[in-house]
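The values are calculated or read from the model by the stated rules, or taken from the named source; none is laboratory data. What you see is a predicted model, and the numbers here were worked out from it, not measured in a lab. Don't worry about glycine lacking a Cβ; one is built from the backbone with ideal geometry, like all the others, and counts go over all protein chains shown. Protein only, heavy atoms only, side chains kept; ligands, DNA and RNA dropped before computing areas. Shrake-Rupley method; radii C 1.70, N 1.55, O 1.52, S 1.80 Å.
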Amino acid sequence: MTERSEGVESTAVTGRPCGDGGAPKSTRDWFGAALVEIAREYDHVVVVNCDLAKATRTLPFKEEFPDRFFECGIAEANAIGVAAGLAQEGFRPFVASFGHFLTGKFLEIFQTVGLNDAGVVLVGTHAGLAIGRDGPTQMGLRDLALMRTLPNVGVFQPADGAETWQMMAHLATDRRPAYLRLCRQPLPEAHADGYRFRFGVPPVLRAGADVAVFAMGGTVPVAVEAADRLAADGLAPTVVNVSSLPVDRAAVERLAGGHRQVLVVEDHYAVGGLADELARIVLGLPDRPRFDVLAVPDYGQAGPPEDLYRRYRLDAEGIAAHIAALLQEAPA
Amino acid sequence: MRAERTVAGPAVDLARRADADRIARLATRCRLVLLEMIHRAGSGHAGSSLSCADIVSVLRFDQLDRPPGGPGDVFVLSKGHAAPAWYAALVVGGDLPAGEVGTLRALDSRLQGHPDRTRLGLVDVSTGALGQGLSVAVGRALARRLHGRDSTVYCLLGDGECQEGQVWEAFLYAGARRVPGLVAIIDHNGSQSDGAVADILPLYPLPEKLRAFGWHVAEVDGHDHGELRDALRRRDRDAPTVIIAHTRKGRLGPDRVLLDGSHSDLPSAAEYAAAVDYLETLLETGP
């Protein structure tokens, strides 16, 4: 298996503006819009569905490209295999379901997508706690842990509309297996105009000092909000968006190494996610910063999303309070 | 229900017989090669490989159209533990150098214990954990329909493997969508790791179930090359076809079975030598 290269940019998609200037949308919404756009440009883009076209936002694709839409019903294992077969014949299939359900078929993903090196894009929506009242049987909270064990599968999690569009352009032309992790909750645009997604490169959204906060997907704007709240107290955390994995090691070393504290904020179980990935890099630094994680330490539970994020200290208030406490524990 | 025999004149019968005899000899050579592979590796599923050696031989030496460089027919060995049968057919067919016979299951070998297409390009789909191959075969057949390519995707499954739920997801899907250009063959040897399929979890009535799932069903003697070939040639062009091939695990020839049809036992040196003697005698005296 070779190293993942940076994808070719799509002329049709990369020129899109960041967001559309309207109300914030979820990355699954942006995905659904971008999917139709790339499908118009690339005939090889197809969709394999598991009875969740409305929830995963593939319905507009189905309406415009019915011959390229394969409905497998509530049978994700077969859907993954069908997608692998389509990929081996030259198509670029996007298999969309809740991330929790899709990556639940891990034996099938391991063999027919991973080991078989089939260029399937596994699209896992409803990442994290945001599905709220449906509870832990629907929450994508251990998908990263599973997907990161596969050495040839890249992980993509956009933090806003601009990044979703650009990742979709990358995924339309790249032919490697991939996992695209998408959120249900609307997200504000996090990146400045002109932002260009590059695989493995983590963009810095706030350049500060003392503490470097690493976030991914839905936790990115929340971490930014927490940092902005702390500015009133004279604190200026760095905030980094780790939007694709494996992340560039040198970039993380450079970013983490300049701070005395690293905090990873992730809408995922505490074990096996972004924190584990970054810890392997940070542990090797000569002047190692302190390392801490805010994540979901149990199975999660049902409840309104805002209550859940507050309970797990994954809202802006919780993150800000946690950072302040960390810096108090370990003064400069 | 057996597949109907072709009603044809004597000349056609003679040609058919000669062709079946040719494949029978190739299948015997495949058995010799796969047993040598497993014997030299000291590991491998001899019984499962022997039970499908005739099916694989009919596919490799009669049915599969694989022009070099072109999108030819696809073969998915869903019962991946029978990999030695496919490797042996590749050796006998001249696709794979005979020098690799001793590399089965060795470190860095192309001949992995279960087929790995990233290591061996003559493998179309990586398999091993059971139940997954038919879904990939369905995807490949769908893709070919979308491309407008006229070719066939073959998938060989074990009967024990048909206890996996995903196999029935794939049967359900392909039957409901009438996926063309798709042929599944079930190596129905009636035996699995812990005992008889009928005891572990019966599939009965298998043909009725498959028909109910919308497939064209044929049943043949899985060691009769003529029956296998006829059933494959008579497949439904517009709907998926499944051939239930009745076989015997560990079958060496008409009157000999290795290790009483064991799933994964290895032949001792003496058993291996006796099997080789038997197969070589078949080649000398057989059809």
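Only one of the numbered conditions (1) within 20 Å of A:Val153 (Cα to Cα); (2) open to solvent by 60 Å² or more (accessible area, probe 1.4 Å); (3) without any contact (Cβ under 8 Å) to a residue 60 or more places away in the chain is not met by A:Ala178, and that is (2).
B:Ile38 fulfils the conditions (1) buried (at least 24 other Cβ atoms within 10 Å of the Cβ); (2) in contact with a Pro (Cβ under 7 Å, 6 or more places away or on another chain) except for a single criterion, (1). Only one entry in A:Leu230, A:Leu285 is in contact (Cβ under 8 Å) with a residue 12 or more places away in the chain and farther than 17 Å from A:Ala207 by Cβ, namely A:Leu285. Of all residues in region A:77-111, those being surrounded by 24 or more Cβ atoms within 10 Å (Cβ to Cβ), more than 9 Å from chain B (Cβ to nearest Cβ), part of a helix (DSSP H, G or I) and not β-branched (Val, Ile, Thr) number 2. Quick check on region B:103-110. Is at least one of its residues at pLDDT 95 or above, out of contact with any helix residue (DSSP H, G or I) (no Cβ under 7 Å at 6 or more places or on another chain) and under 26 Å from B:Glu219 (Cα atoms)? No, because not a single residue in region B:103-110 is at pLDDT 95 or above, out of contact with any helix residue (DSSP H, G or I) (no Cβ under 7 Å at 6 or more places or on another chain) and under 26 Å from B:Glu219 (Cα atoms).
None of A:Ala75, A:Ala87, A:Ala55 is under 22 Å from the mean Cα position of the chain (by Cα), among the hydrophobic types (A, V, I, L, M, F, W, C) and modelled with pLDDT of 95 or more except A:Ala55.
Of the candidates B:Leu142, B:Leu130, B:Leu146, B:Leu134, the single residue that is touching a helix residue (DSSP H, G or I) at 6+ places or on another chain (Cβ under 9 Å), at the interface with another protein chain (Cβ under 9 Å from one of its Cβ atoms) and either of a type in the set (Phe, Trp, Tyr) or open to solvent by 40 Å² or more (accessible area, probe 1.4 Å) (or both) is B:Leu146.
Of all residues in region B:109-122 being of a type in the set (A, V, I, L, M, F, W, C) and free of Cβ contacts under 8 Å to residues at least 40 places away in the same chain, which is farthest from the other protein chains (Cβ to nearest Cβ)? Once the filter is applied, the top-ranked residue is B:Leu122. Cβ-Cβ contacts under 8 Å between residues 6 or more apart (or on different chains), taken from a first residue in region B:149-160 that is over 21 Å from B:Ala83 (Cα atoms) to a second residue that is surrounded by fewer than 22 Cβ atoms within 10 Å (Cβ to Cβ) and modelled with pLDDT of 95 or more, are listed as B:Ser151/B:Asp73.
Among the residues of region B:220-246, those that are crowded, with 18+ Cβ neighbours inside 10 Å and in a strand (DSSP E or B) comprise B:Val220, B:Thr241, B:Val242, B:Ile243, B:Ile244, B:Ala245, B:His246. The conditions of being of a type outside the set (A, V, I, L, M), in contact with a Pro (Cβ under 9 Å, 6 or more places away or on another chain) and within 12 Å of chain B (Cβ to nearest Cβ) are met by A:Phe70. For region A:228-250, the set of residues classified as under 22 Å from A:Gln166 (Cα atoms) and open to solvent by less than 20 Å² (accessible area, probe 1.4 Å) consists of A:Val239, A:Val240, A:Asn241, A:Val242, A:Ser243, A:Ser244, A:Leu245, A:Val247, listed by residue number.
Within region B:202-219, not a single residue is open to solvent by 10 Å² or more (accessible area, probe 1.4 Å), away from chain A (no Cβ under 14 Å), closer than 24 Å to B:Leu34 by Cβ and outside any strand (DSSP E or B). Residues satisfying the criterion are present in region A:260-274 (criterion: aromatic (Phe, Trp, Tyr), outside any loop (DSSP other than H, G, I, E, B) and either without any contact (Cβ under 8 Å) to a residue 60 or more places away in the chain or open to solvent by less than 50 Å² (accessible area, probe 1.4 Å) (or both)).
Just wondering, is there one or more residues in region B:251-259 that are of a type in the set (D, E, K, R), buried (at least 18 other Cβ atoms within 10 Å of the Cβ) and under 15 Å from B:Ser191 (Cβ atoms)? Within region B:251-259 (the criterion being of a type in the set (D, E, K, R), buried (at least 18 other Cβ atoms within 10 Å of the Cβ) and under 15 Å from B:Ser191 (Cβ atoms)), the answer is yes, since at least one residue qualifies. Only one of the numbered conditions (1) farther than 29 Å from A:Gln111 by Cβ; (2) open to solvent by 30 Å² or more (accessible area, probe 1.4 Å) is violated by A:Phe214, and that is (2).
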